């Protein structure tokens, strides 16, 4: 499935089910922006402070906005071909990658108190031949349900293609 048909499937809702990242995923970019803002402020004390402070603050803000938009664009979905992650903010940045049903090893999530309370789980969709092609996403909203659905659809695929080699 190419990127154009993948984008069409996502937009038109041809996917079986779609999962987005939770609001919890925004913590890391906010922490990084806070740290970078502190660094910009400290450097602005010794340099031409107002120019450095204004320029650095603008760059930190632009980076933060981009990161938040990117996190909002991440979409995990399943269709008849496999499990896919679609993301991107700009047209040249958009794309999808994933694992076909025939190559899925298993899907799992990391259980824990915070994940349960916040309903945001780290999930892993394994590739049966290589670890480099597996999908790992942090802070997937209702990731436990996504994992259950992926494993269910994968077992259906295996049953329907048992005799086919």
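Would you mind calculating the relative contact order of the range 116-161 from Cα pairs under 8 angstrom and at least 6 residues apart, reporting the percent as a whole number? Intermediate results must be reported in sequence, preceding the final value.
Numbers: 42 pairs, mean separation 16.2, N = 46.
Relative contact order comes out at 35 percent.
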Exercise. Pick from 121, 41, 19: which is most flexible by mean-square fluctuation in a GNM of the chain where alpha carbon atoms under 10 Å apart are linked?
Worked result: 41
Exercise. Pick from 83, 40, 140: which residue has the top mean-square fluctuation in a GNM of the chain where Cα pairs under 10 Å get a spring?
Worked result: 40
For this session: Quote the relative contact order of the range 27-69 in percent (integer), defining contacts as alpha-carbon pairs under 8 Å separated by 6+ residues.
Result: 48
For this session: Kindly identify the range 27-69 as rounded, prolate or oblate by the Cα gyration tensor criterion: order the square roots of the eigenvalues as a ≥ b ≥ c, call it rounded if a/c is under 1.5, otherwise compare a/b with b/c, prolate if a/b is larger, else oblate.
Result: oblate
Exercise. How many angstrom separate the Cα center of the range 19-43 from the Cα center of the range 89-138?
Worked result: 23
For this session: Compute the acute angle (0 to 90°) between the alpha-carbon long axis of helix 49-73 and the principal axis of greatest extent of the alpha-carbon atoms of the chain; round to the nearest 10°.
Result: 10
Problem set entry | the chain: relative contact order in percent, alpha carbon pairs under 8 Å with at least 6 residues between | 22
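Any read-out appearing in this document is the output of simple, stated calculations on the displayed coordinates, not a laboratory observation. Predicted, not measured: the structure shown is a model, and the values here were computed from it.
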